Amino acid sequence: MGNWIINHGLSAFILVVWMGINIFLFVYFYLFYDQGPQFEYTRELLGAALPWARAPAAVLNFNCMLILLPVCRNLLSLLRGSVICCGRTMRKQLDKNLTFHKLVAYMIALMTAVHTVAHLLNAEWYTNSFQGLYGPLASNLSMLGDSPELNTTFLNPVRSNSTTPTILVFTTIAGLTGVVITLALILMITSSMEVIRRSYYEVFWYTHHLFIIFFAGLVFHGAGRIVRGLQETDPPHNTSFCEDHPEKWGNITECPIPQFAGGFPQTWKWVIGPMIIYLCERLLRFIRYLQPISYRKIVIRPSKVLELQLVKPGFKMEVGQYVFLNCPAISQLEWHPFTMTSAPEEDYFSVHIRSVGDWTEKLIKMVEKLPEGGQGPKMAVDGPFGTASEDVFDYEVSMLVGAGIGVTPFASILKSIWYKFKDSDPKLRTKRIYFYWLCRETYAFEWFADLLQILEKEMEERGMREFLTYKLYLTGWDQSHVNHAMVHFDKDTDIITGLKQKTHYGRPNWDKEFEQVRQENPSSVVGTFLCGPQALADDLEKKCVKYSDVDPRKTKFYFNKENF
């Protein structure tokens, strides 16, 4: 249990607080509409559907306030670098921004479903009340209309026997905006599924921008004020007595004609702040879009991996950060995230782009058609943005795990290490780094094998062999690979990478690796960093919990994962 608290304690606390606020809002507003005397007559028309519609609405307001904040990346980067969030544990929470974004989205989907079903029942019961199906009191309340001469105001929005629930939904502000909001939400959620997001990113990208319609509809949704409550009058209307004597309304002092009004719209108060922050984010992106970008070098690596070395005036980065790229020649609206593979010490920044979708395929084809020495297509850059890998030098010991192209943030880190050793940087507090790279194809290792060779030589010359321990794993091998390796086993360098460290075939035994790190660093805080698939993340997260010791004098592992 103690090990679990080390890695997940604060995350669990934040989750409990968030869920507690949701539960409080739901219960509070459910009781408010279920027992509040000002809604006594409204409940006579709608029954239990009234609190079941209004309680989810309160929860929706709270979560719609939160949903945009985790994707305000400039805000998160600002918080990462600020004093109030400088703690390692707090920064880890900022790295889980997309996880929280998804949790909030799930809550919005659930509450929208409950809210929608309850209001569909309300539409049915409003119609039935007007048609006299629920008794004389409901009929009398439904007959009240807006009449200055009679000093009456309506409670039931249905004003004609020909009005059906469908007509009510599609002829009121609340109904129409509700339909638009629900359709937009359904499209956003379904297109966010993993299979669609990875295979058809453009579909995800464009449908997710329906959030503009979603929030516009949300702001106007309450303007119809379709749910109305009893207003105070002088003398007051005594509902406990008057509900049994509707024929006396307006004829005796205790029963003046009841006056009704809808509540003032509240949603805009919840969402206006995050909407302004997000608008500022987009404005900043547009400003960056206009800033010029030039190419320093373009390289097409094996397995259709494109390396772009770019230069932008005033651009400053940290290790492991990422940028969003836009190529107007492909699409003026699409922005895609890429981790930078360059080091902060270099006078340019670079990205490695693998061909995995329509956008990347089009970009690579455009570059392949360029003449020798030609400049690439116009590019726009938004960023840089902070990630978990920024904290790698805050740990005494770091374990870096990259899968395939997921090695990119660690290329930046390894390059920066080389510069720090070259310049004898006294601020470097990291004592040891363990680097694991898992690849399916042999030629993928060529991306950064030259960098590892330089580092390997540098460590040897400085007598610091133990500072960098790296292991390369070929996961997509067959017997021919093994036979070839066995024939050349006695060579000093690896037949695949040319490094002195031989390539391993298969997947790492993580229990063995974590145990080795723990034994070699018996009293260190170890940061475990991953850029790779979720299945591997789940495995490594469990190992961090398993091999962490509650005793502060012994080894502790902290798990960190790249999220885009």
- request: Could you tell me whether any residue of the range 113-132 is closer than 17 Å to GLU44 by Cα and over 47 Å from the mean Cα position of the chain (by Cα)?
  value: yes
task: Please specify each residue of the range 344-389 satisfying the condition of being of a type in the set (D, E, K, R), part of a strand (DSSP E or B) and in contact (Cβ under 8 Å) with a residue 60 or more places away in the chain.
output: ASP382
task: Just give me the residues in the range 194-230 being of a type in the set (A, V, I, L, M) and exposed (fewer than 14 other Cβ atoms within 10 Å of the Cβ), in sequence order.
output: VAL195, ILE212
statement: Going through (1) closer than 21 Å to SER142 by Cα; (2) of a type outside the set (A, V, I, L, M); (3) open to solvent by less than 30 Å² (accessible area, probe 1.4 Å) one by one, ASP244 fails only at (3)
task: Kindly indicate whether any position in the range 209-217 is assigned to a loop (DSSP other than H, G, I, E, B), touching a helix residue (DSSP H, G or I) at 6+ places or on another chain (Cβ under 8 Å), hydrophobic (A, V, I, L, M, F, W, C) and in the same structural domain as LEU60 (by the TED database).
output: no
message: So, ARG553, is that one assigned by the TED database to the domain that holds TYR395, at pLDDT 85 or above and part of a loop (DSSP other than H, G, I, E, B) or not?
response: no
Residue check, SER342 at pLDDT 85 or above and open to solvent by less than 30 Å² (accessible area, probe 1.4 Å): yes
task: Examine the range 231-240 for a residue that is more than 24 Å from THR116 (Cβ to Cβ) and open to solvent by less than 30 Å² (accessible area, probe 1.4 Å), and state whether such a residue exists.
output: yes
message: Give all pairs with beta carbons closer than 9 Å in which a residue from the range 278-300 that is small (Gly, Ala, Ser) meets a residue that is outside any helix (DSSP H, G or I) and open to solvent by 80 Å² or more (accessible area, probe 1.4 Å); count only pairs at least 6 apart in sequence or on separate chains.
response: SER294/GLN375
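Each row is one residue, and each column tells you yes or no for (1) modelled with pLDDT under 80; (2) under 31 Å from the mean Cα position of the chain (by Cα).
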position: SER480; (1), (2): yes, no
position: THR493; (1), (2): yes, no
position: ILE496; (1), (2): yes, no
position: VAL517; (1), (2): no, no
position: PHE529; (1), (2): no, yes
position: GLY532; (1), (2): no, yes
message: Out of the residues in the range 346-360 meeting the condition of being farther than 19 Å from LYS297 by Cα and not hydrophobic (A, V, I, L, M, F, W, C), tell me which one is least open to solvent (accessible area, probe 1.4 Å).
response: GLY357
message: Would you confirm whether or not the range 108-121 contains a residue that is hydrophobic (A, V, I, L, M, F, W, C), modelled with pLDDT under 85 and in contact with a Phe, Trp or Tyr (Cβ under 8 Å, 6 or more places away or on another chain)?
response: no
task: Taking only the range 347-367 into account, find how many residues are out of contact with any Ser or Thr (no Cβ under 8 Å at 6 or more places or on another chain) and either at pLDDT 85 or above or of a type in the set (Lys, Arg) (or both).
output: 7
- prompt: In the range 502-521, which residues are closer than 15 Å to PHE435 by Cβ, open to solvent by 50 Å² or more (accessible area, probe 1.4 Å), assigned to a helix (DSSP H, G or I) and of a type outside the set (D, E, K, R)?
  reply: GLN516
- prompt: Just one of PRO265, PRO258, PRO328 is in a loop (DSSP other than H, G, I, E, B) and under 30 Å from LYS248 (Cβ atoms); which is it?
  reply: PRO258
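The values are calculated or read from the model by the stated rules, or taken from the named source; none is laboratory data. As the structure is a prediction and not an experimental result, all values here were calculated from the model. Every residue, glycine among them, receives a Cβ derived from its backbone with ideal geometry; neighbour counts consider all protein chains shown. When the accessible area is computed, the model is the full protein with side chains, heavy atoms only, and any ligands, DNA or RNA have been set aside. Shrake-Rupley method; radii C 1.70, N 1.55, O 1.52, S 1.80 Å.
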